[in-house]
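Enquirer: This is the structure, below, for whatever I ask next.
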Amino acid sequence: MPVNALANSYVLGAAAGGVEWGTVIVTVVTFVILLALLKKFAWGPLKEVMDQRERDINRDIDEAEEAKLNAQKLEEENRKTLKETQDEVQRILEDARVQARKQHEEIIHEANVRANGMIETAQSEINSEKERALADINNQVSELSVLIASKVLQKEISEQDQKALVDKYLKEAGDK
């Protein structure tokens, strides 16, 4: 036999004397038993571990998605709360501005009312004093006129005497 034919026969499992069927059957039975043992003791537990790991990963992914949704919901609630708080602060500030403006106007109004009252009181006092002063002047002029008339009736006087007399009585009236 040529060398190539000999090599091919060994590769194909054929010995020079033919195929040993007993060895082939024992090998196949051993291989099947080995596969059954591997399936029971290796592949079964390995598959169970892999399935459990897959379930754990899927559960973790679901929990992560749920946590993400909860986080988004909380973020939205926080934004809403922040917006409401900002709106409330703006409303409080606006109310404070309105109240301050109102108080400012009330204070100015009260000040104007007081000032007007004081002005009216001062004007009435001025008018009273003016009337009193005019009455005093009228009384003094009357007295002076009566005094001058009585003096004129008592004696006839010259123009110089009359001027001196008027000056004298004016001075007396001014002393009163």
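Enquirer: Would you pull out the residues with amide H under 5 Å of E20's amide H, same chain only if 5 or more places away, H placed 1.01 Å from N?
Expert: Residues meeting the criterion, in which the H sits 1.01 Å from N, are A15.
Enquirer: Quick check on region 12-105: take the gyration tensor over C-alpha atoms, sort the square-rooted eigenvalues as a ≥ b ≥ c, and tell me if it's rounded (a/c under 1.5), prolate or oblate.
Expert: prolate
Enquirer: Sticking with this one: Report the extension gain between Q99 and V166 in nm, rounded to one decimal, defined as 0.36 nm multiplied by the number of residues separating them, less their alpha carbon distance.
Expert: 17.1 nm
Any read-out appearing in this document is the output of simple, stated calculations on the displayed coordinates, not a laboratory observation. Remember, it's a predicted structure, so these values are computed and weren't measured experimentally.
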